[in-house]
Amino acid sequence: MRKTPVEISEQNHADISVVQQELIEAKKEILDLQSQIQWLERSYE
């Protein structure tokens with residue numbers, strides 16, 4: 001069964017939303033790791 005252009009557009013929008021949420025989570029994780037690295041670097045000084 002073929003999807004209509006509207007269904008394809010809705011699916012693309014849902015996919016983009018999922019990717020945006022994954023990017024937000026990845027950025028949070030990167031910031032947390034950067035914070036941990038800075039803390040470790042200070043403990044060696």
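The modelled label-to-label distance for the pair SER9/GLN38, using points 7 Å beyond Cα in the direction of Cβ, is 4.4 nm. Charge dipole of the chain (Cα centre as origin; +1 on each Lys and Arg Cβ, -1 on each Asp and Glu Cβ, all else neutral): 180 debye, rounded to the nearest 20. Helix 5-44 and the longest principal axis of the Cα set of the chain meet at an angle near 0°.
Any read-out appearing in this document is the output of simple, stated calculations on the displayed coordinates, not a laboratory observation. Note that the structure is a prediction, hence the values are computed from the model and not measured. When we count neighbours, we look across all protein chains shown, and the Cβ atoms used for this are built from the backbone with ideal geometry, even at glycine.
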